[in-house]
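As structure tokens, the structure follows; a few thoughts come after it.
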Amino acid sequence: MTRYFHPQSAASTRERTARSGSIGGGLLFVLAAMGLLVAISYPLTVAAAVGAVAAAALVFRLGAPALARELHGRMTELEVPGIGTVEIRVDAR
């Protein structure tokens, strides 16, 4: 008596589990690799972009509290269709 191995029957009884990362993780890895290649290819452009973002963050960090102090106690009303009148008041922490 000869027994034959049928791969399809063995595969159908076995549970299929793939312990890989998520699609988002794979996409993040690909985007990070592309970003690294762009940074290596265009270092001055990337340095200028990083500097511009850092400068904008610094201006926002320093300018937002000054703007809040300037607008402290000021109130305005907006008429929102379907909702009504909304009051906006700016207070510094």
Considering only helices (runs of 4 or more DSSP H) wholly within the range 1-92, the ones with at least 2 residues that are modelled with pLDDT under 85 are 7-13, 43-70
Of the numbered conditions (1) charged (D, E, K, R); (2) surrounded by 10 or more Cβ atoms within 10 Å (Cβ to Cβ); (3) in contact with a strand residue (DSSP E or B) (Cβ under 7 Å, 6 or more places away or on another chain), GLU79 satisfies every one except a single condition; which is it?
(2)
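The values are calculated or read from the model by the stated rules, or taken from the named source; none is laboratory data. Source: prediction; values computed, not measured. FYI the Cβ positions are ideal-geometry reconstructions off the backbone, even for glycines, and counts take in every protein chain you see.
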